[in-house]
Structure formats: structure tokens, C-alpha cells
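See below for the structure under consideration.
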Amino acid sequence: MLHALALLVLAAPGQASSSYSAAWDKVQSAIETRYYARGARKAEMERLLAKYGPRAKGATSDEGFEAAVNSMIGEFKDSHFELFTKDDQGFYLMDGLMHRSGAAPMPEVGAWFKKDGPGYQVRMVLDGGEAQKAGLRKGDIVTLVDGKPFTPVASIQDKVGQSVHLTVDRDGTMLPADVRVQKEGALEMFLDASRDSARIIDRNGKKIGYFHLWTQANDDFKNALSGAVYGKLKDTDAFILDLRDGFGGRPEGYADPFYRPEAHIEWKTSPTQGMTELFGYARPLVVLINDGSRSAKEVLSFIIKKSHRAVLVGSTTAGNVLGTFPMRVNDWSYLEIPMVDVVTDGVRLEGKGVSPDLPVPQEYDSNGNDLVLAAAVDKLAGKGSR
């Protein structure tokens, strides 16, 4: 999410309504007053609201209401526009953005899913999570959990702290995977994964730092990145910043360590004692992008590419760059609305994205090897050290 500036919270949490009619009235009012193109696309907006209002008001279940609203949203064809219920992982991400502390915890296995036919496709495998430990791959489709239909939230809600058996469809081959279900806030899960991703890759005598920035939602993620740059990865010869998949937030400050002039500052408490601090990281940098790099990650990628500070490796980003903020509709749903059009240095990235300097058309091979990361390592292994 690329947060809009100076936004007002449109509805307070806890203002639940059992009436789908009342819920629709909130959705309609929010769109009519906050949708970024409510003037330019007024006639189309009113037509779609009139078309789907009766269906949403006449819903007989939360699922039916969600389907009606999201069918309407699909016709708008904008990014950052969706209704999430408590059965969607996105609900917990929205709640984390609304409540920095005290966000609703989410049952999770260290992966992010998207509905795909009879199951749910793995869209992200998070560093250090149970899914990664079990060998799940991006693109796998999870169909069953303990022999029953799998959903990312409801089907494992009562399994927290337990090990469950997943049935995984990988290119038509059914595979087993045993994972332990945990429970935490969605943003906390992504923050843990970002921290756990920091590692050093040795290649041809060079040490290459690696960090996967899963979101840019708040300063915790910025601090995690800078902490890795100046801590665990400070003595590396080059750096890989992975911006693939995950979610956005705000772009400011994330690239600061890579633009500062590099200096080693000595803090001496005596002629023989003290500490040394690294200021700035000026060594070679590669940034990884793909069609799951979205929102603020695209703005950051654009800025880095324009400045020629790094080589962008991978595939073109999502082109999902509208500014947004979540609105609580009732106790079981959030509405994400695109409120702000974003133009970066005269370029509107919505629907366009950012292209790589070094394209890698296939992200993973049939054995699950990361071809984009391999290309980045090869690129840096041939560069001079600091």
C-alpha cells in the first residue's frame, strides 16, 4: 500500500452492522467521497454503484456481500481497490496498517495465498517461516489441510500451535507438506521474514549481502533494512536488495544507506578502546524486482533506476501505484480504496510499472532454483570489491 498523505480515518473499528444494506451504504459513501477519480469517472462510478448496490444489499452471507463488492471493484480496473473479510489474509494486513499495535492476529504458516481453482496458490514463501522449512514453493497450490478443503485463514484457525498436513499440487503432482500453524499480526509476520532474510552469499571469494524487504509499511521495516546494512552485512563486498512480491507502504528513507558517502567513524573512549560505526554503503548494489513488486516498491525501484545507483534485475513491476488507506466497514471487513493518483518525477507508473535493466524472464526453474537471484549474484561476483 502506498499510503495517501494526511488521510482521515473514515470509520472506526468496532462499528459493526448486521445489515448488508448498511454495509453497502458505507462502501458506496466511501467510494463517492474518497475515490481518486470520482470526478473524472463520475458517470462510470455511478453506473457501477447502481449496478452492484442491489446485489450487495441483497446478500445472504458475508461471502456473497464480498463477492458482489469485489465484482464491482473488478470493473473499475484500479489497483489498491478491494474488500477483505476476516477469511482473507488481506484483512489482517489492513488491520495492521490501522493499528500499529494491537492488530488482530492471523493464523499463518509463513506463506501468502491467492485463490486458484480448487485450492489456493502460494504467492509468497516468507523467509524463516514454516512453509519455507517444509519446502513449499511459489506457484504451489494447496488444496487440503488434514484432508479437508484448505483456506488460508478459516481452515487453520483452530490449529494454532499444532502441526497440520497439507496436500500440495505442484504442476499436477500431489505432494505432502507438514507445517506448524502460528498466529501473529500480518505485518509482524512480514517483519520477522525481512529480518530472517539477511544473509551473506559467498561467491568467487566475494561476500554479497542479501536482504528481502517484504513491505515498506512503517519505520520498523526501514530500521530492519538499515540495521542489516550497518550490522550483519556491513563487511560485505556488494549488496542485493530484494523487492520482489510483498506489499508497499511509503518509499521515503529506504534507500538512504546506499546513497550516503561511505565512511567508518571511530568512537574512542581511550587511545585503545572504543567502537567503529559504518556510515553509508557505497559498494555495488543490485535490486531484484518482479510482477509482484508493487506500490511504494515501484516508486523506490524507479528512483534507484533513474539515479543509476543499482542494476535492476528480474521482470517488470506490477504497475499498482495508487495511494490508499484502509477503511473499516464493520467488524468483519475492510475496504481498500485508491484515493490518490501518484506521479513520480513526471511519470505515472500505474498500469506501467518499472522495467529491469537486466531482464530474467523465468523466475524459478523446475527444481525451485531462484534464477533471478542467481543472475544477480553472477552480476556482482564479477564486479570489483570496495
(message) Normalised by the empirical 2.2 N^0.38 Å for globular proteins, what value does the Cα Rg of the range 107-182 take?
(response) 0.94
(message) Using the alpha carbons of the chain, what is the convex hull volume per residue in cubic angstrom, as a whole number?
(response) 165 Å³
(message) Which one, 263, 172, 320, is farthest towards the positive end of the dipole of the chain when Lys and Arg carry +1 and Asp and Glu -1 on their Cβ?
(response) 263
(message) Can you sort 321, 311 from fewest to most other Cβ atoms within 10 Å of each residue's own Cβ?
(response) 311, 321
(request) Could you work out the Rg to Rh ratio of the range 248-386, with Rh taken as the Kirkwood radius (inverse of the mean 1/r over all Cα pairs)? (result) 1.10
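First select every other residue whose beta carbon is under 15 angstrom from the beta carbon of residue 61; then total the charges, Lys and Arg +1, Asp and Glu -1. Each step should come with its number before you reach the end.
Working: positive: 55, 57, 86; negative: 62, 63, 66, 87, 88.
In short, -2.
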(request) Take the alpha carbon gyration tensor of the range 313-373, find the square roots of its eigenvalues, order them as a ≥ b ≥ c, and report rounded if a/c is under 1.5; if not, report prolate when a/b exceeds b/c, else oblate. (result) oblate
(request) Please report, in debye to the nearest 20, how large the charge dipole of the range 250-295 is about its Cα centre when each Lys and Arg carries +1 at its beta carbon and each Asp and Glu carries -1 there. (result) 40 debye
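Largest first and in whole Å, give the semi-axes of the range 21-93's equivalent ellipsoid, each being the square root of 5 times a Cα gyration tensor eigenvalue.
On the way: eigenvalues 78, 45, 21 Å².
Semi-axes (√(5λ), whole Å): 20, 15, 10.
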(message) Using amide H atoms built in the peptide plane, which far-off residues or other-chain residues are under 5 Å from residue 213 H to H?
(response) 242
(message) With the alpha-carbon atoms as the only input, what is the per residue convex hull volume for the range 163-285 in Å³?
(response) 185 Å³
(message) I'd like the orientation of helix 62-76 relative to the chain: the angle between its Cα long axis and the longest Cα principal axis, in ° from 0 to 90, rounded to 10.
(response) 70 degrees
(message) Using only the alpha-carbon atoms, how far is helix 296-307 inclined from the longest principal axis of the chain? Give it as 0 to 90 degrees, nearest 10.
(response) 40 degrees
(request) Give the residue from 227, 106, 335 lying farthest towards the positive end of the charge dipole for the chain; charges sit on Cβ (+1 for Lys and Arg, -1 for Asp and Glu) and the dipole is referred to the Cα centre. (result) 227
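Compute the signed sum of charges (Lys and Arg +1, Asp and Glu -1) over the other residues within less than 12 Å, Cβ to Cβ, of residue 289.
-2
Rounded to the nearest 5, what % of DSSP beta bridges with both residues in the chain are antiparallel?
On the way: 50 of 68 bridges.
Close to 75 percent.
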(request) Before rounding to the nearest 500, sum -39500 (n - 2.57) across all DSSP H runs of length at least 4 in the chain and divide by the residue total; then give [θ] at 222 nm in deg cm²/dmol. (result) -8500 deg cm²/dmol
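Given the C-alpha atoms of the range 289-345, compute the convex hull and give its volume per residue in Å³. Display every interim value, and only then the final one.
Numbers: hull volume 4.7 nm³, N = 57.
Taking the convex hull of the Cα positions in the range 289-345, it is 83 Å³ per residue.
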(request) Please go through the range 58-120 and write out the GluC sites (Glu not before Pro) that DSSP classes as loop and that have at most 14 other C-beta atoms within 10 Å. (result) none
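Could you tell me the relative contact order of the chain? Use alpha-carbon pairs under 8 Å, at least six residues apart, and round to a whole percent. Mind dumping the intermediate values first?
On the way: 805 pairs, mean separation 68.4, N = 386.
In percent, rounded to a whole number, it is 18.
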(request) Quote the charge dipole size of the chain about the Cα centre in Debye, to the nearest 20; the model charges only the Cβ of Lys and Arg (+1) and of Asp and Glu (-1). (result) 800 debye
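Within the range 294-386, list the GluC sites (Glu not before Pro) lying in a DSSP loop whose Cβ has at most 16 other Cβ atoms in a 10 Å radius.
Values: sites: 298, 336, 350, 363; in loops: 350, 363.
Taking the range 294-386 and a limit of 16 other Cβ atoms within 10 Å, no loop GluC sites (Glu not before Pro) are found.
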(request) Taking the Cβ of each residue in 88, 237, 365, 140 as the centre, tally the other Cβ atoms inside 10 Å and list the residues starting with the fewest. (result) 365, 237, 88, 140
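Where a number appears in this text, it was derived from the coordinates with a stated rule and is not lab data. Quantities reported herein were computed from a predicted structural model and do not represent experimental measurements. We place every Cβ from the backbone using ideal geometry, glycine too, and count neighbours over all the protein chains shown.
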